[in-house]
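Participant: Once you've had a glance at the structure underneath, I'll fire off some questions.
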Amino acid sequence: MAGMRQKLLHKILRAYIIFSAAMLLITAPAFYYFTRKWHYAEGDEALLLRLHEFEKFHLSGFHISDIGQWNDWNRDVKIEPKNPLMNKEQFSVETYPNIMENDLEPYRVLRAPIIIEGRDYVLFARVNLLDTMDMVYNMMALYLSILLLLLIGLYGITKNYAFRLWKPFYEVLEELERFEIDKSIPVNFKDSAIEEFHRLKGVAEKLISRNVAIFESQKEFIENAAHELQTPLAVMQAKLDNLFQLQPLTDKEAVALESLSNALSKLNLIHKNLLLLSRLDQDNFTEKQDTSIRELLGEHIEFLKEQATTDKIEIEVDLKDAVQVNCNEVLAEILCSNLLTNALKHNLPGGKIRVSLSGNVLTIENTGIPEALPANILFRRFSKKNPSSQGLGLGLAIAKKIADINHWDLQYQFQNNRHIFSVTF
Amino acid sequence: MGADNFICFLLLPLIQFFFNIHPNLCTMKLLLIEDEPELAGEIINYLSGHGFRCEWAKNLEDALEKVAVFEYDSILLDLMLPDGSGFKVLKELKNQQKTEGVIIISAKESIENIVEGLQSGADDYLTKPFHLPELLARIQALIRRKNFTGSNSLQFNEISIDLLSKEVRVNQNKIELTKREFDLLLFLVGNKRRVLSKQAIAEHLSGDMADLMVSYDFVYAHIKNLKRKLSEAGGEDYIKTVYGIGYKWQA
């Protein structure tokens, strides 16, 4: 589809050119044919006139003995012996040598049966077509040049005038392309004197402002909701911490408190990640510094190894290059830690993790379920397949968001039964 | 009457002097500035068992008044108060040249807020929600920093913990602990007689890396190692497992 797509103006221009070429191809032979036909008709008229002149002024007193002399003195009207096949006037085009220039020239020829002193003869009359053919060619040339001029004119108009005419449209288009709902770049449409473009501008502005308003209110809602949640969560956590002190607890009570505590921890984490996502949307992390990804990974990998011992997961680390990146360190850290945690969370007991850093690419491979994850929803919020699994469904969404903010490329692949996430810084 | 006077004028300065060099052993005065009464109640409940006398200010006005009149060992400050920003308390403390240790307990956890808080004179920052044992550990650490007197050590029966050199001795026998085991020991002793959930311990041990935590199972491994090392050095087994919930330093 993309390959087929063309610019509006090119499309119009192409239509013009195709139409002109078709016109040229169809009309040029027709033009030639008709010009020639009319021209022959002219010649034929002249030849008939000569025939009638001969019949009127010469034939009555003409003798057979005069034929030789007549033919000697007349080059273009001659009397030929009779042709048994000929019983009416016949026109044709024949070529005769030009004695002066030593080549052949076209003639329009008329042969008509006549009777001289009771015997059948043929009157031969001819007119030179050379001059008139020149005229036909000249006219053709003139016609072609007019057509060509017309074409150039159309091209020029389309190129310049139409381009100027459509300029407001392209301006609106560019503004719309530049527009990003999560960035606060103001959209600036120029007004146009043309009514349709004026309307387009109005509609685009309305659409954008409505979307921005919805986006803002949604953002505000998430932020407020997250902050409003914080106090009740804090109260719950504190109450729970104090409840633990009510010893002795029965086994039943202890188990209930334990699951309550686990659920609350999960809730806290979801809440924290939602807050982070809402702050990522607001582009709050503007402070940047030179960050060594290797250094950043080192600390996290130590902690990861500690975590991995329970499930006997083997971690292979190959950090070839330091990879210096100018970015917000906190965000880079969250990205790395989310990917590392992901590799551990969705692993199998006795599985493997491989972390490598070389060039400007961080690759994290892990064993896990033996099938590729759905790449289209993998990085969406709360898109996990198994609702009871350990993940919250936010870690990868956050990682993706951070990668997008920094224009890094976060990719997922499934190869040799391994899930591979790679970040190109 | 005579006895009262004796205590007031002679013993009190002595007691206060004693308090200052051994802050962990005696009652500390703490101001809690927090507008949510439920949360304030729970904090006071937890801390009062550990030698703290807590006063509660539920808004900015109340807080500024208390700060101006009384002296505290430590202040817990919520930044979002109904009648203004908690930053005003920090400013007031600075104006009055008071050196109380301040821990911000806030719902706002943006980097800017933390940096601004610490630059305005706060000593630590804890984001809501938090575990009460974590809060206590932070307060204890802050008070230790503030009352630095050269020998910064903690004694619990036969176990002595040197907070500077991070050395632990059981009956004078030095034992080697990893950094996490040391942190764990300090956390348990600091929260003695309290049941600590696996979550609270795990989050305390992972610190900044709490988000990387996949399970709480690693707590068990550290507890096991710490218990073994303490008992090998001849220490009593103070660490008790509390079914379903976590662990407790039995005193």
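The values are calculated or read from the model by the stated rules, or taken from the named source; none is laboratory data. Everything numeric here is computed off the predicted structure, so don't read it as measured data. FYI the Cβ positions are ideal-geometry reconstructions off the backbone, even for glycines, and counts take in every protein chain you see.
Participant: I'm trying to understand the selection: among the residues of the range A:255-270, which are at the interface with chain B (Cβ under 8 Å from one of its Cβ atoms) and farther than 19 Å from B:Ser215 by Cβ?
Facilitator: none
Participant: Given the conditions (1) surrounded by fewer than 19 Cβ atoms within 10 Å (Cβ to Cβ); (2) at positive phi, report the number of the one that A:Pro232 does not fulfil.
Facilitator: Every condition holds for A:Pro232 apart from (2).
Participant: Where in the range B:169-251 are there strands (runs of 3 or more DSSP E), lying wholly inside it, with at least 2 residues that are crowded, with 21+ Cβ neighbours inside 10 Å and within 16 Å of the chain's Cα centre (by Cα)?
Facilitator: Where strands (runs of 3 or more DSSP E) fall fully within the range B:169-251 and carry at least 2 residues being crowded, with 21+ Cβ neighbours inside 10 Å and within 16 Å of the chain's Cα centre (by Cα), they are B:195-197.
Participant: Related question: Given A:Ile116, A:Ile64, which one is over 30 Å from A:Tyr155 (Cβ atoms), surrounded by 10 or more Cβ atoms within 10 Å (Cβ to Cβ) and in contact with a helix residue (DSSP H, G or I) (Cβ under 7 Å, 6 or more places away or on another chain)?
Facilitator: On the way: A:Ile64 fails: in contact with a helix residue (DSSP H, G or I) (Cβ under 7 Å, 6 or more places away or on another chain).
Exactly one of A:Ile116, A:Ile64 is over 30 Å from A:Tyr155 (Cβ atoms), surrounded by 10 or more Cβ atoms within 10 Å (Cβ to Cβ) and in contact with a helix residue (DSSP H, G or I) (Cβ under 7 Å, 6 or more places away or on another chain), namely A:Ile116.
Participant: So A:Phe163 fits all but one of (1) at pLDDT below 85; (2) aromatic (Phe, Trp, Tyr); (3) over 27 Å from A:Ile18 (Cα atoms); what number is the exception?
Facilitator: All conditions are met except number (3).
Participant: While we're on this one: So how many residues does the range B:32-59 have that are in contact with a helix residue (DSSP H, G or I) (Cβ under 7 Å, 6 or more places away or on another chain) and either crowded, with 21+ Cβ neighbours inside 10 Å or small (Gly, Ala, Ser) (or both)?
Facilitator: 9
Participant: Are any residues in the range A:277-293 more than 9 Å from chain B (Cβ to nearest Cβ) and either modelled with pLDDT under 85 or surrounded by fewer than 15 Cβ atoms within 10 Å (Cβ to Cβ) (or both), and if so, which ones?
Facilitator: Within the range A:277-293, A:Leu277, A:Ser278, A:Leu280, A:Asp281, A:Gln282, A:Asp283, A:Thr286, A:Lys288, A:Gln289, A:Asp290 qualify.
Participant: Within the range A:101-108, is there a residue that is in the same structural domain as A:Gly43 (by TED's automatic domain parsing), of a type in the set (D, E, K, R) and out of contact with any Leu (no Cβ under 8 Å at 6 or more places or on another chain)?
Facilitator: Within the range A:101-108, one or more residues are in the same structural domain as A:Gly43 (by TED's automatic domain parsing), of a type in the set (D, E, K, R) and out of contact with any Leu (no Cβ under 8 Å at 6 or more places or on another chain).
Participant: In addition: Can you name every residue in the range A:3-49 that is of a type in the set (A, V, I, L, M, F, W, C) and in contact (Cβ under 8 Å) with a residue 24 or more places away in the chain?
Facilitator: A:Leu8, A:Leu9, A:Ile12, A:Leu13, A:Ile17, A:Met23, A:Leu24, A:Ala28, A:Phe31, A:Ala46, A:Leu47, A:Leu48
Participant: Out of the residues in the range B:117-133 that are part of a helix (DSSP H, G or I) and more than 13 Å from chain A (Cβ to nearest Cβ), which is surrounded by the most Cβ atoms within 10 Å (Cβ to Cβ)?
Facilitator: Residue satisfying both the conditions and the ranking: B:Gly117.
Residues checked against (1) at pLDDT below 90; (2) out of contact with any Pro (no Cβ under 7 Å at 6 or more places or on another chain); (3) more than 11 Å from chain A (Cβ to nearest Cβ):
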site: B:Leu186; (1), (2), (3): no, yes, yes
site: B:Ala200; (1), (2), (3): no, no, no
site: B:Met213; (1), (2), (3): yes, yes, no
site: B:Phe218; (1), (2), (3): yes, yes, no
site: B:Ala221; (1), (2), (3): yes, yes, no
site: B:Tyr238; (1), (2), (3): no, yes, yes
site: B:Gly246; (1), (2), (3): no, yes, no
site: B:Gln250; (1), (2), (3): yes, yes, no
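Participant: Count, please, the residues in the range A:306-315 that happen to be of a type outside the set (A, V, I, L, M) and at pLDDT 85 or above.
Facilitator: 2
Participant: A further question follows. Quick test for you: out of A:Lys352, A:Lys401, A:Lys345, pick the one residue that is under 19 Å from A:Leu297 (Cβ atoms), out of contact with any His (no Cβ under 9 Å at 6 or more places or on another chain) and at pLDDT below 90.
Facilitator: After ruling out the rest, the residue left standing is A:Lys345.
Participant: Inside the range A:340-356, can you point out the residues that are out of contact with any Asp or Glu (no Cβ under 6 Å at 6 or more places or on another chain) and under 13 Å from A:Val317 (Cβ atoms)?
Facilitator: Selection gives A:Leu340, A:Ala343, A:Ile353, A:Val355.
Participant: Filter the range A:285-301 down to the residues that are more than 15 Å from A:Phe425 (Cα to Cα) and touching a helix residue (DSSP H, G or I) at 6+ places or on another chain (Cβ under 9 Å) and list them by number.
Facilitator: A:Phe285, A:Glu287, A:Glu299, A:His300, A:Ile301
Participant: Given the conditions (1) assigned to a strand (DSSP E or B); (2) touching a residue at least 40 places away in the same chain (Cβ under 8 Å), which single one is not true for A:Thr132?
Facilitator: (1)
Participant: Only residues that are under 29 Å from A:Ser278 (Cα atoms), of a type in the set (Ser, Thr, Tyr) and modelled with pLDDT under 85: list them for the range A:172-209, please.
Facilitator: Answer for the range A:172-209, where residues must be under 29 Å from A:Ser278 (Cα atoms), of a type in the set (Ser, Thr, Tyr) and modelled with pLDDT under 85: just A:Ser184.
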